[in-house]
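The values are calculated or read from the model by the stated rules, or taken from the named source; none is laboratory data. Just so you know, these numbers come straight off a predicted model, no measurement behind them. Every residue, glycine among them, receives a Cβ derived from its backbone with ideal geometry; neighbour counts consider all protein chains shown. With ligands, DNA and RNA removed, areas are computed over all heavy atoms of the protein, side chains included. Shrake-Rupley method; radii C 1.70, N 1.55, O 1.52, S 1.80 Å.
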Amino acid sequence: LRIMQAVIRFLLKYIPRPILIRISLIANKVIAVFLRGNKVECPVCQGHFRKFLPYGYTKLSSRENALCPSCFSLERHRLLWLYLNERTNFFTDKLKVLHIAPEQCYYKRYKALPNLDYTTGDLVSPIADVHFDIQEIPFEDNTFDVVICNHVLEHVDDDMKAMKEFYRILKSKGFAILQVPQD
């Protein structure tokens, strides 16, 4: 377990995110096989495992039982999935969605949903459809029913400008989910 934590910390710290995304597409298939079981369930991929993997950039921030070995969802991803499923029309209604910095655990699943017109945006992510800065979003006013932006606002120079942009591109009855980390 400690070796796995050290490997994950090293990868997160020293390997650029675009490369990690590409590597993880293969690695997660192998890792998930070794952790099959029935102690925990991931609502995102519906996998059953003996445990989730540890996750964190440093020893202090590392959490055990946090990362799904199959889809690489974290606690916040699983909670958001459950919220969208149980409290919104996200999985049932025809919606135009903009997902900023698309998380790998959601990307293929959201793309495959026939009810969603799903667009992804990011500055550099290799899985983003459109590359842009969220402080200057290149879409018309009132374009999207849903905007999802997790753990990005803390990285921009002017978060208020970015939130005004989200408000501008949202339809009047739309909603946004904007998560930021808390210490």
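Listed cross-link partners Lys13/Lys161; Lys111/Lys171; Lys51/Lys94; Lys39/Lys94; Lys94/Lys164; Lys96/Lys161 are compared with a 27 Å cut-off, the Cα-Cα value being larger for Lys13/Lys161; Lys51/Lys94; Lys39/Lys94. The H on the amide N of Phe175, modeled in the peptide plane, is under 5 Å from the matching H of Val146, Val147, each at least 5 residues off or on a different chain. The length gained by stretching the chain between Val124 and Glu64 to full extension, at 0.36 nm per residue less their Cα-Cα distance, is 18.7 nm.
As a rough guide to protection, the peptides 142-148, 91-97 ranked by mean Cβ packing within 10 Å, highest first, stand as 142-148, 91-97.
Taking a Cβ cut-off of under 14 Å around Cys42, the surrounding Lys, Arg, Asp and Glu residues balance to a net charge of +4, with basic ones at +1 and acidic ones at -1.
Where does the chain land at 222 nm, in deg cm²/dmol rounded to the nearest 500, when only DSSP H runs of n ≥ 4 count, each adding -39500 (n - 2.57), divided by all residues? Provide the component values of the computation, followed by the final result.
Numbers: 5 runs with 64 residues, N = 183.
Mean residue ellipticity at 222 nm (helix-derived): -11000 deg cm²/dmol.
Carbon and sulfur together cover what percent of the accessible area of the chain at a 1.4 Å probe radius? Don't skip to the end; give the middle numbers.
Details: 6090 of 10890 Å².
Carbon plus sulfur share of accessible area: 56 percent.
How many percent of DSSP beta bridges within the chain run antiparallel, rounded to 5? So the antiparallel bridges amount to about 20 percent of the total. Each of the peptides 129-137, 172-180 was scored by the mean count of other Cβ atoms within 10 Å over its residues; in descending order, highest first, they stand as 129-137, 172-180. Relative to the longest principal axis of the Cα atoms of the chain, helix 75-87 runs at roughly 50 degrees.
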